[in-house]
Amino acid sequence: MTESVPVLPAAVLWDMDGTIVDTEPYWMLAQGRLVESYGGTWTHEAAMTLVGSGLDRSAAILQEFGVDLPGDEIIQLLSTRVMEQISERVPWRPGALELLTALHEAEVPQALVTMSIGRMARHVASFIPFPAFGSIVSADEVTVSKPHPEAYLTAAANLGTPVEGSVAIEDSVTGVTSAVASGAVVIGVEHLLNLDDAGAHRIWQTLEGVTPADLGAVLAEVRAGAGAPARDGAHA
């Protein structure tokens with residue numbers, strides 16, 4: 001009997017912060033120190049509202065907390081401080097680097113879709129020991145940030161792959177909303193936020209042990225209209 005060959009996604013579209021690397025604590029530290037340098041007090045609750053947000057919104061909130069700088073200067077300053085922390089230690093999310101590697105070896109096109117700025121996205125990508133991404137779409141390359149689908153549509157177009165045949169991996173409500181709206185099949189990997197009401201096709205707790213074939217199986221199930229629950233315990 002001939003063994004069946006697993007169907008793989010046309011492409012995998014990756015969010016970055018909180019999905020590939022656990023940079024949210026780095027962002028929160030940078031935000032807090034910046035607010036405090038202007039005599040303000042930054043709160044964990046305020047920081048959590050910015051998870052997954054575009055940097056323009058983050059800059060506007062920090063201005064409300066007393067940071068007396070233009071928005072673009074805030075974005076550049078925060079990004080530099082986060083990059084400095086990444087250079088000291090890359091905080092890989094569990095299973096992410098392994099899955100990136102397996103997809104690369106299987107020759108599945110991959111894109112990075114992030115609302116961080118381009119120089120930070122390229123900085124993170126430089127720590128992956130192979131050229132993982134055929135496209136990097138960052139905040140400074142889109143007209144409208146997530147939750148708008150522009151970033152994911154752009155990534156798929158850059159790869160030359162159909163977005164409907166792609167799997168997007170996200171960790172935030174904002175990101176999941178963006179990816180779902182693009183037409184991709186979306187796997188939400190919970191980290192700091194509950195994703196039950198975000199609309200992801202599957203919700204996993206980790207990427208540890210996930211293979212390219214697992215992503216292909218989710219894609220096939222969703223496209224076939226399989227009625228599996230959104231919260232999948234296979235990777236809990």
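Computed from the coordinates by the stated procedures, all read-outs in this text should not be read as laboratory data. Given the structure is predicted, the values throughout are model-derived calculations rather than measurements. Using ideal geometry, Cβ is built from the backbone for each residue, glycine included, and neighbour counts are taken over all protein chains shown.
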Quote the FRET efficiency, to the nearest 0.05, computed for ASP140 versus ALA217 with a Förster distance R0 of 45 Å and r equal to the Cβ-Cβ distance. 0.80
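Based on Cβ point charges of +1 for Lys and Arg and -1 for Asp and Glu, what charge dipole magnitude is obtained for the chain about its Cα centre, in debye rounded to the nearest 20?
Working: 11 positive and 30 negative charges, 35 e Å.
Magnitude of the dipole: close to 160 debye.
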Sorting check: for 34-45, 204-215, which peptide has the highest mean count of neighbouring beta carbons within 10 Å, and how do the rest follow? 204-215, 34-45
Please sort through the DSSP H helices of the chain and keep those with an alpha-carbon extent of at least 27 Å along the long axis and a Kyte-Doolittle average not below -1.0. none
With +1 on the Cβ of every Lys and Arg and -1 on the Cβ of every Asp and Glu, the dipole magnitude of the stretch 39-127 about its Cα centre, in debye rounded to the nearest 20, is 120 debye
About the Cα centre of the stretch 14-79, how large is the charge dipole given +1 on each Lys and Arg Cβ and -1 on each Asp and Glu Cβ? Please answer in debye to the nearest 20. 100 debye
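Explain nothing, just the number: relative contact order of the chain, from Cα pairs under 8 Å at least 6 residues apart, as a whole percent.
On the way: 433 pairs, mean separation 56.4, N = 236.
Once normalised by length, the contact order is 24 percent.
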As a check on your grasp of the helix formula, calculate [θ] at 222 nm for the chain: sum -39500 (n - 2.57) over DSSP H runs of n ≥ 4, divide by the residue count, round to the nearest 500. -12500 deg cm²/dmol
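Evaluate the relative contact order of the stretch 24-88 (contact order divided by residue number), counting alpha-carbon pairs under 8 angstrom at least 6 apart; express in whole percent.
38 percent
Order 155-168, 177-190 from most to least packed using the mean count of other Cβ atoms within 10 Å.
Numbers: 155-168: 20.9, 177-190: 24.9.
Put in order of decreasing packing, that is 177-190, 155-168.
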Quick one: Cα centre-to-centre distance for the stretch 81-148 and the stretch 155-227, in angstrom? 16 Å
